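I have placed the structure first, in the form of structure tokens, so that the comments after it can refer back to it.
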Amino acid sequence: MRNIASGDGVADNVSTPEQIISSSSSNQPTTAAVGGGGKGTGSIDKPVRSESTAGVLFGIGAYGLWGLLPLYFFVLMPASAIEIVANRIVWSLLFCALLITITRAWKTFWAAVKDRSVFGPLALAAGLIAINWLTYTFGVTTGHAVETSLGYFINPLVSVLLGVFVLKEKLRPLQWAAVGIGFVAVGVLTFSYGQLPWIALILAFSFGLYGFVKKRVGPKVDALTSLSVETVVLAPLAAITMVVLGVTGVETLTTLGAGHFWLLVASGVITAVPLLFFGASARRLPMTTIGLLQYFAPVLQFIVALTVFNETMTMARWIGFCVVWLALVLLTIDMLRTTRKNSVLKKKARLAAAQ
């Protein structure tokens, strides 16, 4: 999910465990690439519209798969969250190696590994995304799927706070209002749960910090290389975890039949495919559009939690979620207003330069 909390700074990150790593591939297509030498605006507009349509479809595909991910984890039960994440890391690494081989990108990969300014931040990002994945999987497999969706709903608010405290950014009035409303929401939800919604908060903060780290290194590395380096960092620990689970007799990879085995192996593909879809979408769409699409995933997660998992929503929780959604509405309005204002300023600057 792309964070749309702000018009600049950390809140401009593309945000989703997997989504941020594609931020470096979000360049927009130019009219020269699609227009075809001087045949008028009609010949340009049609390809642009086609590209935009494809971008929206790819975006819906990416966010839809992420939104339905709880169903996949549900099917993998009784595998534990630790086993699911360990398998996801190991099989993702193998799938990434295959993709790197097909695209002949090993040179780029090794260059990233040898570059300390790239490898260091990606190693830190790997740790943050591991925490995020473990918490998310634990939440889904222990009857807290509603709370996991909450984590991704409040992620834009966390990115705003990172912008204030880490980057020393100044917030606009609507952003301050959204942050204030967000704190009220956490208070309401704490009352409704009887404790801090710690699953949601860990998800939001781990993913917000992940986005901040990836923002710093994003321009230096492409999505596939980034994911590959992160999985390389995590793979040794994941492999050891799988061995320990096997030795202690609690692993399910090889004990619940071929179907369960291949479902766990497929976690590598299920991790990578939405990333590829998102990368294709980001190359075709303005970041504003991606920002509006970001809520598709937590909305689906929320619906799945209520309709498939039959999780309980008390009146107090409904109130808390509605307060969160109000804060997100304010952030969205602020984003659209800022984007429109920046567009007008850029247009005036181009006209002034042309005179």
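The values are calculated or read from the model by the stated rules, or taken from the named source; none is laboratory data. This is a predicted model, so every value here is computed, not measured. Every residue, glycine among them, receives a Cβ derived from its backbone with ideal geometry; neighbour counts consider all protein chains shown. Quick note on the areas: whole protein, heavy atoms, side chains included, nothing else; ligands and nucleic acids left out. Shrake-Rupley method; radii C 1.70, N 1.55, O 1.52, S 1.80 Å.
With r as the distance between the Cβ atoms of Val56 and Ala316 and R0 = 41 Å, compute the FRET efficiency 1/(1 + (r/R0)^6) and round to 0.05. With a Förster radius of 41 Å, E is 0.65. Our note on the geometry: Cα centres of region 277-336 and region 196-239, 20 Å apart.
Rounded to the nearest 20 Debye, what is the dipole magnitude of region 254-343 about its Cα centre when Lys and Arg each give +1 and Asp and Glu each give -1 at the C-beta? Kindly include the intermediate steps, with their values, before the conclusion.
Numbers: 6 positive and 2 negative charges, 89 e Å.
Using Cβ point charges on Lys, Arg, Asp and Glu, region 254-343 gives about 420 debye.
Consider the candidate values (i) 15.6; (ii) 20.5; (iii) 17.2; state which one is mean projected area of the Cα convex hull in nm² computed from the structure displayed. It is the value labelled (ii).
Assign one of three labels to region 117-261, namely rounded, prolate or oblate, based on the Cα gyration tensor with a ≥ b ≥ c the square roots of its eigenvalues; rounded applies when a/c is under 1.5, prolate when it is not and a/b is larger than b/c, and oblate otherwise.
Details: a/c = 3.12, a/b = 1.35, b/c = 2.31.
Taking the square roots of the gyration eigenvalues as a ≥ b ≥ c, region 117-261 is oblate.
Taking Cα centre as origin and charging only the Cβ of basic (Lys, Arg, +1) and acidic (Asp, Glu, -1) residues, the dipole magnitude of the chain rounds to 1600 debye. Of all complete DSSP H helices in the chain, those with a Cα span along the helix axis of 20 Å or greater and a mean Kyte-Doolittle hydropathy of 0.5 or more are 81-103, 116-141, 173-193, 198-217, 223-247, 267-284, 315-354.
Classify region 63-201 as rounded, prolate or oblate from the Cα gyration tensor: take a ≥ b ≥ c as the square roots of its eigenvalues, call it rounded if a/c is under 1.5, otherwise prolate when a/b beats b/c and oblate if not. Can you show the working numbers first?
Values: a/c = 2.65, a/b = 1.31, b/c = 2.02.
Judged from the Cα gyration tensor, region 63-201 comes out oblate (a/c at least 1.5, b/c at or above a/b).
Anyone know which of Val217, Val265, Val164 comes out most mobile in the 10 Å Cα GNM of the chain? Result: Val164 has the largest fluctuation of those listed. Under the rule of -39500 (n - 2.57) per DSSP H run of 4 or more residues, summed and divided by the residues of the chain, what mean residue ellipticity at 222 nm is obtained, to the nearest 500 deg cm²/dmol? Calculated mean residue ellipticity at 222 nm is -25500 deg cm²/dmol. Once the Cβ-Cβ distance of Val265 and Asn342 is raised to the sixth power relative to R0 = 45 Å, the FRET efficiency obtained is 0.50.
Across the options Ala316, Phe212, Ser267, the greatest Cα extent toward the positive end of the charge dipole of the chain (unit charges at beta carbon of Lys, Arg, Asp, Glu) belongs to Phe212.
Each peptide in 319-332, 245-258, 168-181 gets a packing score, the mean of other Cβ atoms within 10 Å over its residues, and the list from highest to lowest is 319-332, 168-181, 245-258.
Lys220 to Val299: FRET efficiency via 1/(1 + (r/R0)^6), r the Cβ-Cβ distance, R0 25 Å, to the nearest 0.05?
Values: r = 33 Å, r/R0 = 1.32.
Computed FRET efficiency for Lys220 and Val299: 0.15.
What a 1.4 Å probe finds exposed on the chain is 71% carbon and sulfur by accessible area, rounded to a whole percent.
Working note: Cα gyration tensor of region 216-355, eigenvalues times five, square-rooted, sorted largest first, giving semi-axes of 41, 26, 13 Å. Accessible surface computed residue by residue for the chain, with neighbouring protein chains in place and a 1.4 Å probe, gives 46 Å² per residue. Put the Cα centre of region 169-186 next to the Cα centre of region 50-76 and the gap is 29 Å.
If we count every other residue with Cβ under 14 angstrom of Ala111's Cβ, Lys/Arg +1 and Asp/Glu -1, where does the sum land?
Taking every Cβ under 14 Å from that of Ala111, the sum is +3.
Please state the equivalent ellipsoid semi-axes for region 176-259: what are the square roots of 5 times the Cα gyration tensor eigenvalues, largest first, in whole Å? Before the final figure, lay out each step's value.
Working: eigenvalues 238, 126, 19 Å².
That gives 34, 25, 10 Å for the three semi-axes.
Along the charge dipole of the chain, Cβ charges K/R +1 and D/E -1, which of Ala327, Trp66, Leu203 sits furthest on the positive end? Selected residue: Ala327.
Loop-located trypsin sites (Lys or Arg not before Pro) in region 66-135 (DSSP state other than H, G, I, E, B) with a sparse environment of at most 11 neighbouring Cβ atoms within 10 Å: Arg104.
For a quick check, take a GNM of the chain with Cα springs below 10 Å and name the residue from Ala123, Ala185, Ala54 with the largest mean-square fluctuation. Largest GNM mean-square fluctuation: Ala54.
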